[in-house]
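Worksheet: one structure, shown below.
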Ligand SMILES: NC(=O)c1ccc[n+]([C@@H]2O[C@H](COP(=O)([O-])OP(=O)(O)OC[C@H]3O[C@@H](n4cnc5c(N)ncnc54)[C@H](OP(=O)(O)O)[C@@H]3O)[C@@H](O)[C@H]2O)c1
């Protein structure tokens with residue numbers, strides 16, 4: 001039986017992996033969160049000595065994008081330095097690392113879907129810290145697997161879907177940017193891919209892009225969230241400049257996902273179908 005450490009197990013992605021555990025009886029999934037601080041190398045080393053694992057799936061991260069602008073040290077510690085610790089300790093303990101990164105490593109000025117090999121140029125502190133994490137991993141272990149994802153949401157935790165549902169029903173009108181385009185990712189879909197990858201005999205290392213299929217703006221996303229949630233809300237499309245935030249966002253963060261699809265033979269669900277599945281769960285929670 002393969003034993004796997006999932007760090008950040010209480011976050012959106014970690015929680016979705018937890019939900020899938022019983023569908024993978026051949027995998028023994030061990031979840032940690034702040035009880036195993038990934039920035040503390042000795043703790044990681046001791047944990048791995050006590051629990052031999054074949055894989056580490058790193059879902060732990062500092063994800064407060066705007067806060068990172070003024071708290072760069074913490075973001076760098078968790079997103080930039082700790083992934084290098086995990087990669088080093090994974091090698092020392094004969095485990096493979098699968099790490100999650102982000103579209104924020106790109107500046108968003110492209111007009112064509114981003115390939116894994118495209119130039120990175122993060123504009124935000126969060127993006128810089130996540131890029132540093134990728135680099136630290138590849139320095140320690142070029143065979144690690146890094147999956148960049150975008151616009152992650154889940155029925156668990158805080159995210160755009162839940163925010164729109166809350167404010168859409170409370171206020172009845174919202175302003176949402178229509179000049180940032182990308183691809184939403186339902187964390188449950190990504191969780192499935194991660195467990196499929198660790199189930200393979202010898203998955204190929206490298207950087208991969210994963211989001212749900214389709215390209216939309218945040219405005220389109222908000223409209224569909226309200227429609228599927230039966231929330232009557234007037235949504236006004238606005239430009240990014242009309243809703244200033246501390247951290248700059250990539251204007252265009254569409255991924256080319258050919259590599260992950262061909263390498264691992266996966267089919268990616270369309271964003272609207274995945275959103276509908278998530279909203280069904282959220283409606284049941286009411
Ligand atoms: N959310 C997005 O839109 C998005 C988009 C693209 C990529 N990603 C990436 O996808 C991955 C998963 O994101 P997510 O949304 O599932 O994140 P999340 O919900 O914020 O979960 C991250 C978890 O890691 C924990 N954590 C923070 N610092 C830690 C540390 N030093 N040691 C151990 N655990 C720590 C957090 O605890 P606390 O909550 O208590 O701090 C939280 O439970 C991350 O790598 C993220 O960068 C996310």
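Any residue in segment 225-239 that is within 16 Å of the ligand (Cβ to nearest atom) and touching a helix residue (DSSP H, G or I) at 6+ places or on another chain (Cβ under 8 Å)? Break it down stepwise before answering.
So the first thing to find is which residues in segment 225-239 are within 16 Å of the ligand (Cβ to nearest atom), and the list is 225.
Next cut, touching a helix residue (DSSP H, G or I) at 6+ places or on another chain (Cβ under 8 Å) only: 225.
Yes; the residues of segment 225-239 include at least one that is within 16 Å of the ligand (Cβ to nearest atom) and touching a helix residue (DSSP H, G or I) at 6+ places or on another chain (Cβ under 8 Å).
Within segment 183-195, is there a residue that is within 12 Å of the ligand (Cβ to nearest atom), within 20 Å of residue 62 (Cβ to Cβ) and not in a helix (DSSP H, G or I)?
yes
Which residues, counting only those in segment 273-286, are closer than 17 Å to residue 215 by Cα and under 18 Å from the mean Cα position of the chain (by Cα)? Give the derivation first.
Taking segment 273-286 and keeping what is closer than 17 Å to residue 215 by Cα, we get 273-276.
Of everything in segment 273-286, those that are closer than 17 Å to residue 215 by Cα and under 18 Å from the mean Cα position of the chain (by Cα) turn out to be 274, 275.
Name the one entry in 101, 129, 124 that is in contact (Cβ under 8 Å) with a residue 24 or more places away in the chain, touching a strand residue (DSSP E or B) at 6+ places or on another chain (Cβ under 6 Å) and within 13 Å of the ligand (Cβ to nearest atom). Quick ask: steps written out before the conclusion?
On the way: 129 fails: touching a strand residue (DSSP E or B) at 6+ places or on another chain (Cβ under 6 Å); 124 fails: touching a strand residue (DSSP E or B) at 6+ places or on another chain (Cβ under 6 Å).
Answer to the selection: 101.
When residue 155 is evaluated against the numbered criteria (1) in contact with a helix residue (DSSP H, G or I) (Cβ under 6 Å, 6 or more places away or on another chain); (2) farther than 25 Å from residue 133 by Cα; (3) in a helix (DSSP H, G or I), which criterion, by number, is the only one it fails?
Exception for residue 155: condition (3).
Whether any residue in segment 104-114 is modelled with pLDDT of 95 or more and part of a helix (DSSP H, G or I) is what I want to check.
Checked against the condition, which is being modelled with pLDDT of 95 or more and part of a helix (DSSP H, G or I), segment 104-114 yields at least one hit.
Of 18, 67, 23, which residue is farther than 18 Å from residue 98 by Cα and within 21 Å of the chain's Cα centre (by Cα)? Steps first, please.
Details: 18 fails: farther than 18 Å from residue 98 by Cα; 23 fails: within 21 Å of the chain's Cα centre (by Cα).
Just one listed residue meets the conditions, 67.
Check residue 115 against each of (1) surrounded by fewer than 16 Cβ atoms within 10 Å (Cβ to Cβ); (2) closer than 20 Å to residue 69 by Cα and name the one condition it does not meet.
Among (1) surrounded by fewer than 16 Cβ atoms within 10 Å (Cβ to Cβ); (2) closer than 20 Å to residue 69 by Cα, residue 115 violates only (2).
Given 139, 116, which one is within 19 Å of residue 264 (Cβ to Cβ) and in contact with a helix residue (DSSP H, G or I) (Cβ under 8 Å, 6 or more places away or on another chain)? Walk me through how you get there before you give the answer.
Working: 139 fails: within 19 Å of residue 264 (Cβ to Cβ).
None of the other options fit; the residue is 116.
List pairs: first residue in segment 41-61 and closer than 15 Å to residue 84 by Cβ, second residue in a strand (DSSP E or B) and away from the ligand (no atom under 12 Å from the Cβ) anywhere in the structure, Cβ distance under 7 angstrom, at least six positions apart or on different chains.
What qualifies is 56/97; 58/97.
Of all the residues that make up segment 38-63, how many are farther than 17 Å from residue 137 by Cα, out of contact with any strand residue (DSSP E or B) (no Cβ under 9 Å at 6 or more places or on another chain) and near the ligand (Cβ under 10 Å from one of its atoms)?
Selection size over segment 38-63: 1.
Is it the case that segment 19-32 has a residue that's within 13 Å of the ligand (Cβ to nearest atom), part of a loop (DSSP other than H, G, I, E, B) and buried (at least 16 other Cβ atoms within 10 Å of the Cβ)?
The answer is yes; a qualifying residue exists.
The values are calculated or read from the model by the stated rules, or taken from the named source; none is laboratory data. Owing to the predicted nature of the structure, the values given are computational and were not obtained by experimental measurement. Note that each Cβ is placed from the backbone with ideal geometry, even for glycine, and that neighbours are counted across all protein chains shown.
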